[in-house]
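**Q** This structure is in structure tokens; I'll ask about it shortly.
A short reminder: the numbers here are calculations on the coordinates, not readings from a lab. Please read all numbers here as calculations on a predicted model, not as lab measurements.
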């Protein structure tokens, strides 16, 4: 890799990928509209184009991509419930933009397209750990949009010979998770409540389990699929820790008090089978949630 584009490069995961690419000496262009990304996340060694990808002309985007060898596509509107409330906006951002980026990448002869997908495509899976070939059952517009992104990648590989790969992230945590805003994850929500001396508000009974994977391991997976000589044809890989903990256990790790309230519809358990990417690319997670949590709580 010599020249890459990272969409959503000012966001939580994208900014970490940008940092690693810069360390590798890669020329990086960030495309981000800063709806959820932050200025302080932007690596100053990268060129940052503040742009809403829903409004850009494909011909212009194609010219912009000329000479780029890899696109890391992370830009998206996140979270499940907002996608249910605003399905049209979410579709435009999460599906139409992905399609248009693929068209521009094809026209510009970009060598590889790495798409950030989500374990939400499995829906309420009943097999654990869950392998990539498990039947998919999206239960929200957000999950359906991620699945459509994966399928577009595979279609462009089939029709145009593009080298595309999708990474299904499980619950990603790590440095730069936002403590505020509408799209906070469970860990920063609980951290904010603990910081304010409040109990941690837990949905349902707290026994639901999640596979938490550190952002550093997610970055490693992105770099591995981007730098390998393997030709991907819409291949999909799970990116998880391969272990899971309950929400109650998570709050205990953080040292918080518990408060139970909302009953919500959600998968009871997520657990990644990561044997495929381990076998094909020798990727394995290396970060302990418990050890990271201890350092995180001390830093608040």
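**Q** For the Cα atoms of the chain, what angle does the longest principal axis make with the long axis of helix 141-160, in degrees from 0 to 90, nearest 10?
**A** Roughly 30 degrees, rounded to the nearest 10.
**Q** Could you work out how far helix 97-107 tilts from the main Cα principal axis of the chain, as a 0 to 90 degree angle to the nearest 10?
**A** 30
**Q** Quick check: the angle from helix 12-23's long axis to the longest principal axis of the chain, C-alpha only, nearest 10 degrees?
**A** The angle comes out at about 50 degrees.
**Q** Roughly how many whole Å is it from the C-alpha centroid of region 238-292 to that of region 123-191?
**A** The distance from the Cα centre of region 238-292 to that of region 123-191 comes to 14 Å.
**Q** Let me understand the chain better: what is its radius of gyration from the alpha carbons, and its Dmax, in angstrom?
**A** Here Rg and the maximum Cα pair distance are 18.6, 56 Å.
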